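**Q** Quick one: the structure is below, and I'll ask about it shortly.
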Amino acid sequence: MDDFQSKALAAATSISYQTPAEALAQSLTNDAPKIDTAIKSYVALTSARVLSANSHSSVANAAAAPTGYDLDQGPICQSSGNHCYFSKSKNPQMASLFCAKVLLQKLNSFKIPMDDHDDAIVHHKAPSLEPEEKNEMNEIEFQVVRILWNGLVSHGKKPSKILGLEALYHVYPLLLQTLKENVPTNVDLQEGQMFMMEFGSLLQHAMNRRRRKSTLSTTNHKQDNDDDVDDDSCLLWDKDGGKEELRRRRAKREQNAILHKVQQERSHSNQEAQLESVLEEDDKIDSHEELQHQ
């Protein structure tokens with residue numbers, strides 16, 4: 001018993017002596033899901049997406065986009081809603097896997113430069129903070145992420161297996177251009193670049209959601225109802241692996257199907273009522289004509 005109490009006291013003491021930076025580093029390593037897991041989910045998403053959308057002309061139009069077209073304004077972005085479709089590939093799953101392999105290789109070998117902590121890097125939005133607090137907190141977070149990330153790479157560890165959303169949020173903007181320039185040669189350039197860009201967009205969206213939820217829980221405000229909005233970032237970065245998002249989508253589809261059936265029945269009933277009204281009117285006209293003849 002004394003041994004247990006001494007260990008508990010030692011643990012409590014070590015926790016109380018943690019600096020803010022140490023506490024943040026610990027939270028970064030405890031963050032879930034890990035980057036690896038999110039990328040695997042993204043591969044599954046992009047692989048399945050084109051299979052379920054083959055009948056849509058928007059994807060076909062996206063595939064016909066001219067080579068070298070501006071990805072930020074071109075048909076692939078506009079027609080497919082800024083989503084990655086491997087519509088030019090005979091095997092979308094393999095194309096997605098090739099891109100994911102490059103993404104992981106670049107992430108796990110990347111070292112954050114010492115001088116990349118200016119406003120262009122640490123301006124990420126933190127909705128719950130005032131401007132001065134945003135800059136200070138982002139600066140601390142970035143420096144802790146840099147030390148932790150670079151330390152893992154230097155010791156032959158893979159950040160993608162140890163870190164999650166919070167850390168990658170600071171790193172991905174530094175690496176995006178390199179990723180866009182290193183699309184696998186056996187994958188269409190535009191589709192490969194869109195793969196990298198959409199992953200960053202979903203990362204940003206997930207981070208915004210996490211901070212918004214944190215703000216709402218702190219201020220005791222209720223979260224806005226987004227039940228009508230499908231959010232792919234939930235499939236990558238939610239701790240339940242996107243199960244709640246998929247459940248919500250199934251429920252919405254079922255509700256829409258019921259609503260559609262009710263509308264069809266109402267429309268059919270209205271048509272029958274109109275037909276009965278016309279027939280009644282015809283009967284009245286016939287009866288009136290018979291009286292006149294009599």
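**Q** Inspect the stretch 130-138 for any residue being polar (S, T, N, Q), at pLDDT 95 or above and either in contact with a strand residue (DSSP E or B) (Cβ under 6 Å, 6 or more places away or on another chain) or open to solvent by less than 70 Å² (accessible area, probe 1.4 Å) (or both) and give the result as yes or no.
**A** Within the stretch 130-138, none of the residues are polar (S, T, N, Q), at pLDDT 95 or above and either in contact with a strand residue (DSSP E or B) (Cβ under 6 Å, 6 or more places away or on another chain) or open to solvent by less than 70 Å² (accessible area, probe 1.4 Å) (or both).
**Q** Please note which helices (runs of 4 or more DSSP H) are completely contained in the stretch 26-110 and include at least 3 residues that are modelled with pLDDT of 65 or more, within 21 Å of Asp232 (Cα to Cα) and not acidic (Asp, Glu).
**A** 35-52, 92-109
Listed here are the residues, each with its yes/no results for (1) in a loop (DSSP other than H, G, I, E, B); (2) modelled with pLDDT under 85.
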site: Arg209; (1), (2): no, no
site: Gln223; (1), (2): yes, yes
site: Glu244; (1), (2): no, no
site: Gln255; (1), (2): no, yes
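**Q** Within the stretch 149-163, can one find any residue that is modelled with pLDDT of 95 or more, crowded, with 21+ Cβ neighbours inside 10 Å and in contact with a Pro (Cβ under 6 Å, 6 or more places away or on another chain)?
**A** yes
**Q** Filter the stretch 144-203 down to the residues that are in a helix (DSSP H, G or I) and of a type in the set (Asp, Glu) and list them by number.
**A** Those that are in a helix (DSSP H, G or I) and of a type in the set (Asp, Glu): Glu166, Glu181, Glu191, Glu198.
The values are calculated or read from the model by the stated rules, or taken from the named source; none is laboratory data. All values reported here derive from a predicted model rather than from experimental measurement. No Cβ is skipped: glycine too gets one built from the backbone with ideal geometry, and neighbour counts run over all protein chains shown. What goes into the accessible areas is simple: the full protein's heavy atoms, side chains included, and nothing from ligands, DNA or RNA. Shrake-Rupley method; radii C 1.70, N 1.55, O 1.52, S 1.80 Å.
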